[in-house]
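**Q** Pasting a structure below so you can have a look.
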Amino acid sequence: MQADFNSSTTPRPANGMALKDVTLQRGRTRVFEALNLQLFEQRIGLIGDNGAGKSSLFRLLCGLDQPQSGHVHVPELEADGTAPFVGMMFQNSDEQIIFPTVEEELALSLRHLRWSRAQAQAHVRTWLAARGLADWAPRAIGSLSQGQRQHVCWLALLIGGHQTLLLDEPFSSLDLPGQALLRQEISVAPQQIIVSTHVLDHVRHFERVIWLDKGRVRADGLGAEVCAQYEADVAERATLVS
């Protein structure tokens, strides 16, 4: 799946994301070197040890980091003012949430529509009510649990109209009911979704999973197969340590 951009049988993605020969250096650490990926599938899992490069890949895709060399292809903002193609949910919701109430935070995701504050908040209230969450609109962020704050970040992605959603460890702060709810919402969302996670059961059924190992693609294929390879590798390393 790491197709060559120059291959005559592999067209450049028109509505997907891709990286060609991307090198990313952070301080003295070489995070990626000549990384090539094309990301077409609707559901993609991203797995690997801490420090493998998962969050760095997300930061490249949403423009928070720029490579020292190579090219990151992401469809541009449409001329009609629609939302940016990519939206990202951070691992720590406190690094993402800005405003003091839920409705203000979700209204921020509508800024590309250039509505007034009142128009945006009215839309948020209607949208939340349609999802059975009308009572969430006026709630103070400080009154929410960590899992509920994570859910607010997920709602902000959905209401924002992005075409691709990057979820960085979205299950880490959720209890079992919260994990089940998010997994269900991911399964029915129309957007392309890429999930970085250590909880392999949430991506094992995906059509594609990428295993990153020290900034390199160690395996790339069907979710069940790649997850099994990663689990076997972890088990072997644990045996060597013991």
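The values are calculated or read from the model by the stated rules, or taken from the named source; none is laboratory data. Computed from a predicted model, the values in this text were never measured in an experiment. FYI the Cβ positions are ideal-geometry reconstructions off the backbone, even for glycines, and counts take in every protein chain you see.
**Q** So, in the range 93-136, exactly how many residues are of a type in the set (D, E, K, R) and under 13 Å from Cys153 (Cβ atoms)?
**A** Here the count works out to 3.
**Q** Filter the helices (runs of 4 or more DSSP H) completely within the range 130-242 down to those with at least 2 residues that are over 30 Å from Leu108 (Cβ atoms) and over 20 Å from the mean Cα position of the chain (by Cα).
**A** Once the helices (runs of 4 or more DSSP H) in the range 130-242 are filtered for at least 2 residues that are over 30 Å from Leu108 (Cβ atoms) and over 20 Å from the mean Cα position of the chain (by Cα), what remains is 223-241.
**Q** Taking Gln121 as the residue in question, decide whether it is modelled with pLDDT of 90 or more, more than 14 Å from the chain's Cα centre (by Cα), assigned to a helix (DSSP H, G or I) and over 26 Å from Ser187 (Cβ atoms).
**A** Criteria met by Gln121.
**Q** Take Ala52 and decide whether it is more than 21 Å from the chain's Cα centre (by Cα) and either closer than 22 Å to Ser196 by Cβ or of a type in the set (A, V, I, L, M, F, W, C) (or both).
**A** In short, no.
**Q** Does the range 141-161 contain any residue that is in contact with a His (Cβ under 8 Å, 6 or more places away or on another chain) and among the charged types (D, E, K, R)?
**A** Scanning the range 141-161 turns up no residue that is in contact with a His (Cβ under 8 Å, 6 or more places away or on another chain) and among the charged types (D, E, K, R).
**Q** Could I ask something else about it? Return the total of residues in the range 55-87 being assigned to a strand (DSSP E or B), under 14 Å from the mean Cα position of the chain (by Cα) and modelled with pLDDT of 95 or more.
**A** Of the residues in that region, 0 qualify.
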